[in-house]
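Here, each number is a calculation from the coordinates, and none is a lab measurement. If you're wondering where the values come from, they're calculated on a predicted model, not measured in any experiment. Here Cβ is always computed from backbone atoms with ideal geometry, including for glycine, and neighbour counts include all displayed protein chains.
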Amino acid sequence: MRPRALTDIAEARQRGDPEENTEYANATMELALVERRIAELEDRLAAAQVVHARKTEARGHAVFGATVAKTAAISPETQTVME
């Protein structure tokens with residue numbers, strides 16, 4: 001996304017005065033959105049923690065990779081927690 005946004009800015013800049021060029025303004029706004037999304041994803045990645053399902057003690061809670069038995073009035077089911 002970033003390379004495309006940079007290319008769009010360069011192409012729009014060639015079409016005349018950036019202050020009077022709507023394409024340039026749109027391209028710079030698109031780049032700002034891309035940069036903000038990249039920063040958000042970098043923050044989430046920096047805060048992420050690796051969870052080892054086999055090494056985690058659930059202690060009464062359903063955790064990623066845990067197999068839980070769900071009791072229903074009609075029929076019991078077994079599910080694996082993925083989130």
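Give the residue that is farthest from R4 (Cα to Cα), with candidates limited to residues of segment 20-46 that are surrounded by 10 or more Cβ atoms within 10 Å (Cβ to Cβ) and of a type in the set (V, I, T). Per the stated criteria, the residue is I38.
Among residues of segment 15-35 that are of a type in the set (K, R), those with a Cβ under 9 angstrom from a residue that is outside any loop (DSSP other than H, G, I, E, B), sequence gap 6+ or separate chain, pair up as R15/E23; R15/Y24.
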